[in-house]
Number of protein chains: 2
Amino acid sequence: MNKPRYTGSDALRDVCIALFRAGGVDQKQSCEVANNLIWSELVGRENFGLLRLPIYLERVAMGGLKCPCDPQFSNRSDTISILDADAGFGQYAANLATERAVSLARTSGVGMVGVRNSNFFGTGAYFINKIANAGMVGLVLSNSFPKVTAHGGLSPIFGTNPLAFGAPRRNGEHLLFDMATSALAGSTVRECIENDTPLPDGFAIDQNGAPTTDATKVADGALLPVAGAKGYGLSLFVEILAGVLTGAGVADGVSSMYSDVSAPGQNGHFMVAIDVSRFMTPDEFYTKFEALIVSIKGSHPSNDILLPGEIRWRNYHRNLETGIPLGDTTRKVVEILCRQHDVPVPWAKTRQVA
Amino acid sequence: MNKPRYTGSDALRDVCIALFRAGGVDQKQSCEVANNLIWSELVGRENFGLLRLPIYLERVAMGGLKCPCDPQFSNRSDTISILDADAGFGQYAANLATERAVSLARTSGVGMVGVRNSNFFGTGAYFINKIANAGMVGLVLSNSFPKVTAHGGLSPIFGTNPLAFGAPRRNGEHLLFDMATSALAGSTVRECIENDTPLPDGFAIDQNGAPTTDATKVADGALLPVAGAKGYGLSLFVEILAGVLTGAGVADGVSSMYSDVSAPGQNGHFMVAIDVSRFMTPDEFYTKFEALIVSIKGSHPSNDILLPGEIRWRNYHRNLETGIPLGDTTRKVVEILCRQHDVPVPWAKTRQVA
């Protein structure tokens, strides 16, 4: 894991924006998607970062990601709004939806925004962090293309359907919880394929329904829901709110970003913001929440039980200070795109520190 | 499992009410808690049914359940209300909160009600069913006394913190999903103790943190969160919304209904109702949802993958028709209470059918 670190997240962000511009992405989407990708790199979620640039640019070129797009809100009450994402970047639409949810919650205590006609949105934690920055508790859900079975089922019905939750902390290092409702995340399967390592036991089946640890067999087989019936119920929780209720694609109505680059994913998202200050003063909330955190930390002699998101914050501060570590693949990917699009390779501008 | 079945859920309900009255429970709470217990019996959740009558009556006598109680709502917006349950029955308070959440959602699209100063509320599915009967999607959470560790922790921090979710179906047999965020439900541990059977492997630790399958060691040890870090995050999701945000007890601020019968549990609940009709017509929703259900059913050659709650509905219809099956312990418990409180034993009035 001794990856070279590159300082200058701003420089990397500028490269993303330059590549997006060269690839035909409009200015609005470029800036927000670049923010999202760089944040993902900073917190150590490489899988949601620069690595995805090639597929995004390919989808832009082929029409799967619409640029420019013209997302439209339809307000349904002082609390509820629905956003038609117009087939643009999921990161862009979900960010608009997050801002709207926060604004509704500021007025009404709760904001709930459903997004339809969208695409893959990256990591839910990014939006949760924005909601928490506003002093609010957040819940962010997204459906995705089918690769997970119902409990007892053979063929995949659900996406890995992530569920993200968070709550604000006084120190700004908010609780950021982000789980796949499947036994394994899609990114874990991809990593196992790339590294030629086996999947953990009991988490996937091949096309005949037999248990498999061969990551390459998941494409024709399926992942299992996490913890059987529980993960199945949680997948439904996500699919009903993010898919059925928003009017987005449901089950095989959602497509993979890799399988047809010319078709929008039809993903649906669901963002909830709850204004803490309607329940108690922020100070009371922080005090109660920190007391719970002290109990959690102290529940082991090491006094260092981690909160969800805590590793992300450690990465964030270290990477901001000492540079973003970029793997060989990521660097190669960026270099190739830069040459293709006549954009200066960033390593020329940034300082390699390790 | 050849338990005698007793027809007449109304007769059993009357017995509950008579016992409650004799034990000093006020009329309002008696009726609602009896409804709750009988529904739990009808759907086959015996652990949340008549079996609990002795501890409830003991807690009423000793002050842990306040009768009468005077719950007070404090409205915080058109969407949010907080209910101080005044230390009454959790089933009663949670029902009031559910009705308020539905009423707020009717007006604003979303209703969110936090409950503090409450007690154990039974099964979340009961309230989810009420929300779904109103044509709404529901989320119901409750915290409970600590017996589950944080991921990696040694001493218990969280309750089994149930998470219940549901959505309405056109045929009235709503999706009812109700999970403990711990690896095992508390009721499973009690069943293993009563039947002298081992716990499944890897779900509990003894007081030294060593894995155990001995159910009697859980009281001094702990249960683990379901699926490790994921269950830990879900426990936090429940604890933050139902405990921290409502102003209820948090972590060891919540007490077991069995450990101190004179002290209120200080449980917190969190009920959310979302009016489907703000997103689309109910008919559109039902059509989309049923299409998803058809996909799920068809994802196995048997075409019979079950939805969460489907077994409950099968039980409900069978038990309503052929009688509620009552185990030996339940019958003995009811007989003893009836004699103590000079209430006629129900089997005299009901027909034993098997």
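The table below gives the values:
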| item | result |
| --- | --- |
| Single condition residue A:79 does not satisfy, out of (1) over 27 Å from residue B:101 (Cα atoms); (2) within 14 Å of another protein chain (Cβ to nearest Cβ); (3) crowded, with 23+ Cβ neighbours inside 10 Å | (1) |
| Residue that is nearest to residue A:86 (Cα to Cα) [pool: residues in the range A:103-116 that are buried (at least 24 other Cβ atoms within 10 Å of the Cβ) and among the β-branched types (Val, Ile, Thr)] | A:115 |
| Test: residue in the range B:103-110 that is modelled with pLDDT of 95 or more and within 24 Å of residue B:265 (Cα to Cα) | no |
| Total residues in the range A:184-193, condition open to solvent by 20 Å² or more (accessible area, probe 1.4 Å), within 14 Å of chain B (Cβ to nearest Cβ) and in contact (Cβ under 8 Å) with a residue 12 or more places away in the chain | 1 |
| Search result, residues across the range A:296-332 that are within 14 Å of chain B (Cβ to nearest Cβ) and assigned to a helix (DSSP H, G or I) | A:296, A:297, A:310, A:311, A:312 |
| Extreme residue, surrounded by the most Cβ atoms within 10 Å (Cβ to Cβ), among residues of the range A:289-311 that are touching an Asp or Glu at 6+ places or on another chain (Cβ under 9 Å) and of a type in the set (D, E, K, R) | A:297 |
| Single unsatisfied condition, residue A:117 versus (1) among the polar types (S, T, N, Q); (2) in contact with a Phe, Trp or Tyr (Cβ under 7 Å, 6 or more places away or on another chain); (3) on the phi > 0 side of the Ramachandran plot | (2) |
| Candidate set: the range A:248-264, residues that are in contact (Cβ under 8 Å) with a residue 24 or more places away in the chain and within 11 Å of chain B (Cβ to nearest Cβ); chosen: the one most open to solvent (accessible area, probe 1.4 Å) | A:252 |
| Subset of the range B:221-247 [in a loop (DSSP other than H, G, I, E, B) and either at pLDDT below 95 or within 12 Å of chain A (Cβ to nearest Cβ) (or both)] | B:224, B:226, B:227, B:228, B:245, B:246, B:247 |
| Test set (1) open to solvent by 30 Å² or more (accessible area, probe 1.4 Å); (2) farther than 23 Å from residue B:110 by Cβ - residue A:282 fails condition number | (2) |
| Scan of the range B:39-86 for residues that are among the hydrophobic types (A, V, I, L, M, F, W, C), in contact (Cβ under 8 Å) with a residue 60 or more places away in the chain and within 27 Å of residue B:179 (Cβ to Cβ), ordered by number | B:39, B:42, B:43, B:48, B:50, B:51, B:53, B:55, B:65, B:82 |
| Any hit, the range A:143-164, residues being more than 19 Å from residue B:305 (Cβ to Cβ), of a type in the set (A, V, I, L, M) and more than 11 Å from chain B (Cβ to nearest Cβ) | no |
| Residues (of a type outside the set (A, V, I, L, M) and not in a loop (DSSP other than H, G, I, E, B)) located in the range A:176-201 | A:177, A:178, A:182, A:186, A:187, A:188, A:190, A:191, A:192, A:194, A:195 |
| Among residues of the range B:49-76, those that are surrounded by fewer than 24 Cβ atoms within 10 Å (Cβ to Cβ), in contact with a helix residue (DSSP H, G or I) (Cβ under 6 Å, 6 or more places away or on another chain) and not in a helix (DSSP H, G or I), counted | 3 |
| Considering residues of the range A:1-30 that are among the hydroxyl-bearing types (Ser, Thr, Tyr) and within 17 Å of residue A:46 (Cα to Cα) only, the residue modelled with the lowest pLDDT | A:7 |
| Enumeration of residues in the range B:294-347 that are under 30 Å from residue B:167 (Cβ atoms) and hydroxyl-bearing (Ser, Thr, Tyr) | B:295, B:299, B:302, B:316, B:322 |
| Some residue of the range B:316-339 being open to solvent by 50 Å² or more (accessible area, probe 1.4 Å), small (Gly, Ala, Ser) and over 30 Å from residue B:61 (Cβ atoms) | no |
| Residue list for the range A:123-152, restricted to those being open to solvent by 10 Å² or more (accessible area, probe 1.4 Å) and more than 12 Å from residue A:98 (Cβ to Cβ) | A:135, A:144, A:145, A:146, A:147, A:151, A:152 |
| Pick from the range B:194-212, criterion touching a strand residue (DSSP E or B) at 6+ places or on another chain (Cβ under 7 Å) and more than 13 Å from residue B:147 (Cα to Cα), ranking: surrounded by the most Cβ atoms within 10 Å (Cβ to Cβ) | B:212 |
| Counted residues, the range B:202-220 - those being touching a residue at least 24 places away in the same chain (Cβ under 8 Å) and in a helix (DSSP H, G or I) | 1 |
| Any pair with Cβ under 7 angstrom, 6 or more apart, that starts in the range A:333-345 at a residue that is of a type in the set (Asp, Glu) and ends at one that is not in a helix (DSSP H, G or I) | A:335/A:345 |
| When residues of the range A:265-279 are limited to those that are open to solvent by less than 40 Å² (accessible area, probe 1.4 Å) and in a loop (DSSP other than H, G, I, E, B), the one farthest from the other protein chains (Cβ to nearest Cβ) | A:265 |
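The values are calculated or read from the model by the stated rules, or taken from the named source; none is laboratory data. Bear in mind the structure is a predicted one, so any value in this text is a computation, not a measurement. When we count neighbours, we look across all protein chains shown, and the Cβ atoms used for this are built from the backbone with ideal geometry, even at glycine. These accessible areas exclude ligands, DNA and RNA; they are computed on the full protein's heavy atoms, side chains included. Shrake-Rupley method; radii C 1.70, N 1.55, O 1.52, S 1.80 Å.
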